Amino acid sequence: MTLADIPGLYNYWVVILLMMVGLYIVVSRGNLVKKIVGLVVFQTSVFLLYISMGKIIGGTAPILTGRPEIFSNPLPHVLILTAIVVGISTTALGLALVVRIGDAYGTIEEDEIAKADHEAEFGGPETP
Amino acid sequence: MINIVLLTFLALTALAIVRLRHLFAVVMLTGVYSLLSAGLFVLLDAVDVAFTEAAVGAGISTVLMLGTLALTSRREKVPGRTPLLPLIVVMITGAALLYGTLDMPRFGDPDAPIHRHVAPRYIQKSGTEVGVPNIVTSVLASYRGFDTLGEVTVIFTAGIGILLLLGGTGGRRRKDEETEEEG
């Protein structure tokens, strides 16, 4: 690749940065709500990746007007519409799990939940 | 040009989400993040996706998360140590993905393989075959109707799961999670 390729790849690079930020939140944060926020960030950046691939420079939204026009690719739009709806159902299910965990343990921090589990199983605090 | 500005704002919002400990602010920034990406979808010609994202991502999911915060806690605990391992994992994954983009067709290229396969047929024939001006609608409801059926099944399953998780426990009220599920 050369320097002239950078404008053509900028979109993908920012999208990958966003994905990695989402992944970092999911693996590094112990708070369960924060983890779900990380998943949402990751998800939205995947949507952006797909929609970026469907774009044609000089194209318009794929709605037939009767005039000859260049249309951007409608297929990624359809896939991502489905993905958004599936995404909100998984987010809702995850949040319901968080509420349930919060009820059962009194906390939504991962390490405190692990500690409570350990105490319930072995009857004492963890000794490293 | 607006494209680049919006992408930069998105990146800044995402970094702010990582830094903040106050969960209410995090949830609000997630809404902002969704709204910014909806604006970007409009620029990228995906108008249907844009208003779905604005309604579902910025609206419903923010409400759901606020409901969860109201039922649990509002502050994130400060971790004892800085997580180095996640950072390394993320760096390696990101580098691999960046390497992958070098072979991708450049942004906006009309000759990319994605534009040469089935999409031209949808664009040329859907007007006469389905008769709806919006090509996205005709693909969603007609050519790929089974996908949409699968999607409805997923929503139904998630709804049942949420009802099983939150219903029948008694005690506190938890209606907000169940009623907003229709999204």
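The values are calculated or read from the model by the stated rules, or taken from the named source; none is laboratory data. Predicted, not measured: the structure shown is a model, and the values here were computed from it. Cβ atoms come from the backbone with ideal geometry, glycine included; neighbour counts cover every protein chain shown. We work out accessible area using only protein heavy atoms, side chains counted, and drop any ligands, DNA or RNA first. Shrake-Rupley method; radii C 1.70, N 1.55, O 1.52, S 1.80 Å.
So which helices of chain B fit the span-like rule, where a helix is a whole DSSP H run, its Cα atoms reach 27 Å or more along the axis, and its mean Kyte-Doolittle is at least -0.5? Walk me through the intermediate numbers first.
Numbers: long enough: B:23-43 (30 Å, 2.20); B:145-166 (32 Å, 1.71).
Length and hydropathy pass: B:23-43, B:145-166.
Considering region B:47-172, its Cα convex hull presents a mean projected area of 13.4 nm².
Taking all protein chains as they are arranged and a probe of 1.4 Å, the heavy atoms of B:L29 leave approximately 40 Å² accessible to solvent. Distance from the Cα centroid of region B:41-108 to that of region B:123-147 is 30 Å (rounded to whole angstrom).
Remark: the protein assembly as shown carries a charge dipole of roughly 460 debye about the Cα centre, counting +1 on each Lys and Arg Cβ and -1 on each Asp and Glu Cβ.
Given a cut-off of under 8 Å on Cα pairs at least six residues apart, what relative contact order in percent is computed for chain B? Don't skip to the answer; put the middle values down first.
Values: 105 pairs, mean separation 31.2, N = 183.
Over chain B, the number comes to 17 percent.
In square nanometres and to one decimal, what's the mean projected area of the convex hull around the Cα atoms of region A:1-110? List each step's numbers first, then the result.
Numbers: hull surface 36.7 nm².
Averaged projected hull area, Cα only: 9.2 nm².
Against the 2.2 N^0.38 Å scaling, with N counting residues, where does the protein assembly as shown land? I'd like the Cα-based Rg ratio to two decimal places.
Numbers: Rg = 21.4 Å, N = 311, 2.2 N^0.38 = 19.5 Å.
Dividing the Cα Rg of the protein assembly as shown by 2.2 N^0.38 Å gives 1.10.
Computed over region B:1-78, the percent of Cα pairs more than 18 Å apart is 46.
Taking label positions 7 Å along the Cα-Cβ direction at both A:D5 and A:D103, the computed distance is 5.4 nm, reported to one decimal.
Per residue, region A:21-86 exposes an accessible area of 32 Å² to a 1.4 Å probe, with every protein chain left in place.
One decimal place: the segment B:V152-B:T8 gains 48.4 nm when fully extended, by the rule 0.36 nm per residue minus the C-alpha distance. Using the Cβ-Cβ distance between B:L163 and B:F51 with R0 = 30 Å, the FRET efficiency computed as 1/(1 + (r/R0)^6) comes to roughly 0.60.
Express the carbon and sulfur contribution to the solvent-accessible surface of the protein assembly as shown as a percent, rounded to the nearest whole number, probe 1.4 angstrom. Ligands and nucleic acids excluded, carbon and sulfur reach 68 percent.
Give, rounded to the nearest 20 debye, the magnitude of the charge dipole that chain B has about its Cα centre when Lys and Arg contribute +1 at Cβ and Asp and Glu contribute -1 at Cβ. Present the calculation step by step, with values, prior to reporting the outcome.
On the way: 15 positive and 16 negative charges, 170 e Å.
The calculation lands at about 820 debye.
Just counting partner chain Cβ atoms within 10 Å, what average do the residues of peptide B:125-132 show around their Cβ? Provide the component values of the computation, followed by the final result.
Numbers: counts 0, 3, 2, 0, 0, 0, 1, 2.
Taking all residues of B:125-132 together, the mean is 1.
Once the Cα atoms are used to define both axes, helix A:6-28 deviates from the longest principal axis of chain A by about 10 degrees.
Each of B:R19 and B:R74 was given a label point 7 Å from its Cα along the Cα-to-Cβ line. The distance between the two points is 2.2 nm.
In this label model, B:L102 and B:M28 are separated by 4.3 nm, measuring between points 7 Å along each Cα→Cβ vector. To the nearest ten degrees, helix A:110-122 and the longest principal axis of the Cα atoms of chain A are 40 degrees apart. Solvent-accessible area of B:F51, all protein chains in place: 140 Å² (probe radius 1.4 Å, heavy atoms, ligands and nucleic acids excluded).
Over chain A, Cα pairs under 8 Å with separation of 6+ residues give a relative contact order of 20 percent. Bridging of A:K115 to lysines at a Cα separation below 24 Å is possible for A:K34, A:K35, B:K77, once same-chain residues fewer than 8 apart are set aside. Working from Cα pairs under 8 Å separated by at least six residues, relative contact order for region B:1-78 is 36 percent. Compute the helix-to-body angle for A:32-54: its Cα long axis versus the longest principal axis of chain A, expressed 0 to 90° and rounded to tens. So the inclination is approximately 10 degrees. For A:R100, the solvent-accessible surface computed with a 1.4 Å probe is close to 90 Å², ligands and nucleic acids excluded.
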